Amino acid sequence: MAIESHYEFVTHWSIPAPQDRVWAELITPEDWPTWWRGAERVELLQAGHDVLGMGAIRRYCWRGRLPYQLRFDMQTVSVQPISSIEGHATGELEGEGVWRLSHDNGVTHVRYDWRVVANKWWMRRLNWIARPLFKWNHDVVMRWGRQGLLRRLGIQK
């Protein structure tokens, strides 16, 4: 019997800042560890083949509240300037991540869709009981990201 370890997370951020400023931070993940708690390392393994970074491959190392790290490589597969970034992950997590940005009334709306399969053996084994904890941990890391981005942009919350 196969053990299901598929996860789908959707995160929404409202950032009271111009869309191009939010975009500038999200399109440069190598800088995330300086402002995003939980992003331990982001290393560029292969530069993109155009100015938008298409084809770039980065290695990410994340840590949330739970006592484990997640490492995966993410290849940029689609970029629509100032509105979306899509990547394909391989490694301890495998799947797709998509950032989408829009702007309305002085607020940038950010949506992140993360559809992955956990490849760590223990995550697959404990999925049936730990699924709510994994979701909680993901939500914590994303909340840290929003808080760090607000600070990075000089926005008092």
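The values are calculated or read from the model by the stated rules, or taken from the named source; none is laboratory data. In this text, all values refer to a predicted model and were calculated from it rather than measured experimentally. In this analysis, Cβ positions are derived from the backbone assuming ideal geometry, glycine residues included, and neighbour counts consider all displayed protein chains. Keep in mind that these areas ignore ligands, DNA and RNA; they rest on the heavy atoms of the full protein, side chains included. Shrake-Rupley method; radii C 1.70, N 1.55, O 1.52, S 1.80 Å.
Data for the structure
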{"quantity": "Folded to 0 to 90 degrees: helix 121-152 orientation relative to the chain principal axis, Cα", "calculated": "20 degrees"}
{"quantity": "The chain, relative contact order in percent, only Cα pairs under 8 angstrom and at least six apart counted", "calculated": "28 percent"}
{"quantity": "Average accessible area per residue (Å²) across the chain - probe 1.4 Å, nucleic acids and ligands excluded", "calculated": "55 Å²"}
{"quantity": "Note, ³J(HN,Hα) from phi for the range 70-75, Karplus 6.51, -1.76, 1.60, rounded to Hz, x at Gly and Pro", "calculated": "10, 10, 7, 9, 10, 9"}
{"quantity": "Surface/4 estimate of mean projected area, convex hull on alpha-carbon atoms of the chain, nm²", "calculated": "9.4 nm²"}
{"quantity": "Debye intensity ratio in log₁₀ form over the Cα atoms of the range 1-77, taken at each q of 0.10, 0.22, 0.23 Å⁻¹", "calculated": "-0.32, -1.22, -1.26"}
{"quantity": "Whole-percent carbon and sulfur share, accessible surface of the chain, 1.4 Å", "calculated": "53 percent"}
{"quantity": "Ratio of Rg to Rh over the range 59-105 (Cα coordinates, Kirkwood Rh, two decimals)", "calculated": "1.10"}
{"quantity": "Selection from Trp32, Pro67, Thr90, by position along the positive dipole direction of the range 31-126 (Cβ)", "calculated": "Pro67"}
{"quantity": "Ratio of Rg to Rh over the range 113-157 (Cα coordinates, Kirkwood Rh, two decimals)", "calculated": "1.17"}
{"quantity": "Computed log₁₀ I(q)/I(0) - Debye formula, equal Cα scatterers, no solvent, the range 72-157, q 0.13, 0.14, 0.18 Å⁻¹", "calculated": "-0.56, -0.64, -0.96"}
